[in-house]
Amino acid sequence: MKLIHTSDWHFGMSVGTENYEDCQRYFLSELYKLIKTENVEAVLCAGDIYDSGVTNAEAIRLFNDAATALCTELKVKFILIAGNHDSAARLSSCSELLKSAGMYVSGSLKRDIEPVLLDDGKVAVYCIPFFNRDEVTALFPEKRDEIHTQEDAHRIVCQHIRETMDPKHRNIVMSHAYIVNAELSDSDRSAKVGSATAVSKDVFQGFDYVALGHIHKPQVISPAIRYSGSPVKYSFGSEETQDKGVVLIDTDTMEQRFVVLPMLRDRKTVTGSYDEIMARDDIKDDYLRIRLTDRYAGLEIQSELKEKFPYLLELTGISLTSDDEQSSLSVEELESLDETDIMIKFLAENYGAEPTEEQVKLFRQILEECDREDDLG
């Protein structure tokens with residue numbers, strides 16, 4: 001049978017007032033096409049379905065649409081685990097009921113992990129959701145003295161699976177973990193902060209395939225261990241050059257193939273003069289970081305660029321004080337400014353001066369007067 005390994009959907013992620021829902025829906029539509037073309041029978045999602053444990057209604061609706069399409073319309077098994085960004089309890093609510101629809105959710109770690117059996121029992125999928133060391137200590141109190149690091153905890157969990165798994169099966173493990181020396185992207189913010197919890201690939205020895213989530217760059221850790229990566233480019237830098245897609249696995253041969261899926265919007269850093277960039281029509285639909293070589297990155301310039309390039313996320317330009325320095329302004333920062341902030345920044349950009357406290361006070365009084373007039377109609 002054929003399986004798809006994916007991860008790190010991050011439904012609900014946003015930057016400023018922009019969200020990625022249209023890109024994520026486009027990914028799902030491409031995923032559905034691949035499932036039909038390749039006759040895929042199960043989809044494995046290795047964590048971080050949501051970007052936050054407390055997510056918005058739009059993200060929940062998107063997940064509901066995806067689960068309904070996979071289980072009800074396409075009739076494939078949907079197996080997923082909670083990542084560090086997910087709320088384990090929320091994600092796994094009604095998990096027993098969902099099994100009858102072909103959806104298998106693992107929110108919190110259990111001592112005895114019952115595999116999801118596929119292909120008439122020939123394929124066993126063991127789900128290891130994101131966990132911390134203390135959870136393993138509580139589940140395996142007899143191993144308390146052996147658990148000093150996150151790697152110790154992973155080793156004990158995986159060893160317990162190996163002791164009970166049937167070697168006649170194709171034994172697949174899903175895990176949301178940071179493997180030592182895995183290549184990170186700028187959007188792997190949690191992995192960078194939690195680098196002390198990285199574990200060796202050796203803890204996963206003995207399994208036919210390990211479907212990893214947590215790292216956004218698709219990569220092969222060893223012949224049987226790999227990250228599928230995120231389906232959308234969530235950061236600038238190294239992620240700009242990455243292909244995005246899913247891993248297709250044939251459990252009869254254990255052949256793996258990374259399938260690149262088209263994206264609705266690419267992510268690009270563009271450098272040039274104001275006129276050179278404004279003359280381009282090939283990047284209007286991309287998420288952009290623009291680096292101006294001849295202008296200051298001011299509010300007016302950003303407004304003009306944003307009008308032509310609606311998905312502009314970050315602007316960098318030359319400094320007003322030194323050609324060796326750069327000024328930068330992200331769209332997210334701009335959208336967080338109130339009227340007083342904008343006034344202060346305008347004076348700095350155009351006159352190189354800051355207002356006095358008295359001027360700021362007067363400006364705010366004028367704003368209050370304007371608000372009162374608006375209320376009176």
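Accessible surface calculations at 1.4 Å, restricted to protein heavy atoms, place region 41-161 at 46 Å² per residue. Counting Lys +1, Arg +1, Asp -1, Glu -1, what net charge surrounds residue 205 among other residues with beta carbon under 12 Å of its beta carbon? Spelling it out: positives minus negatives among the neighbours equals +1. Specify the angular offset, from 0 to 90 degrees and rounded to the nearest 10, of the alpha carbon long axis of helix 357-376 from the longest principal axis of the alpha carbons in the chain. Tilt relative to the chain: about 80 degrees.
Between residue 56 and residue 25, take the C-beta separation as r, use R0 = 22 Å, and let me know the FRET efficiency to the nearest 0.05. The pair residue 56/residue 25 has a calculated efficiency of 0.90.
For the peptides 102-109, 26-33, 248-255, 227-234, residues were scored by their other Cβ atoms within 10 Å and the scores averaged per peptide; the highest-first order is 227-234, 102-109, 26-33, 248-255. The Cβ shell under 11 Å around residue 107 holds other residues with a net charge of +1, Lys and Arg each +1, Asp and Glu each -1. Ordering 87-93, 74-80 by mean Cβ neighbour count within 10 Å, with the highest value first, yields 74-80, 87-93. If you restrict to DSSP beta bridges whose two residues both lie in region 128-229, what percentage is antiparallel, to the nearest 5? Rounded to the nearest five, the antiparallel share is 25 percent. Once both axes come from the Cα atoms, what is the angle between helix 299-308 and the longest principal axis of the chain, in degrees from 0 to 90, rounded to 10? Compared with the principal axis, the helix lies near 60 degrees. Against the main long axis of the alpha-carbon atoms of the chain, helix 150-164 sits at an angle near 30°. Length gained on full extension, residue 222 to residue 280, computed as 0.36 nm times the residue gap minus the Cα-Cα distance: 16.7 nm. Rounded to the nearest 5, what % of DSSP beta bridges with both residues in the chain are antiparallel? Roughly 40 percent of the DSSP beta bridges within the chain come out antiparallel. Could you compute how fast region 163-261 diffuses translationally, taking Rh as the Kirkwood radius over C-alpha pairs and applying Stokes-Einstein at 37 °C with viscosity 0.692 mPa s? Give it in µm² per second. The Stokes-Einstein estimate is 229 µm²/s. Across region 106-245, C-alpha contacts under 8 Å between residues 6 or more apart give a mean separation that, scaled by the residue count, equals a relative contact order of 20 percent. Computed over Cα pairs, the Kirkwood radius of region 81-129 leads via Stokes-Einstein (1.002 mPa s, 20 °C) to a diffusion coefficient of 187 µm² per second.
Across the chain, the relative contact order, built from alpha-carbon pairs under 8 Å that are at least six residues apart, equals 14 percent. Take the Cα radius of gyration of region 106-181 and divide it by 2.2 N^0.38 Å, N being the number of residues; the result is 1.13.
Per-residue ellipticity at 222 nm from helix content only, as computed over the chain with -39500 (n - 2.57) for each DSSP H run of at least four residues, stands at -9000 deg cm²/dmol. Working from Cα pairs under 8 Å separated by at least six residues, relative contact order for region 53-168 is 19 percent. Largest first, the three principal axis extents of the alpha carbons in region 1-149 are 49, 46, 25 Å in whole numbers. Take region 219-262 with all the other protein chains still there, run a 1.4 Å probe, and you get 36 Å² of accessible area per residue.
Expressed in units of 2.2 N^0.38 Å, where N is the residue count, the Cα radius of gyration of the chain is 1.18. Here the accessible area is traced with a 1.4 Å probe on the protein chains. For region 98-188, carbon and sulfur cover 46 percent of it.
Taking only protein heavy atoms and a 1.4 Å probe, the accessible area of region 190-276 is 49% carbon and sulfur.
The values are calculated or read from the model by the stated rules, or taken from the named source; none is laboratory data. Since the model is a prediction, treat every value here as computed from it, not as a measurement. Reconstructed Cβ throughout: ideal geometry from the backbone, glycine too, with neighbour counts over all protein chains shown. Heads up: the accessible areas ignore ligands, DNA and RNA and are worked out on the full protein's heavy atoms, side chains in. Shrake-Rupley method; radii C 1.70, N 1.55, O 1.52, S 1.80 Å.
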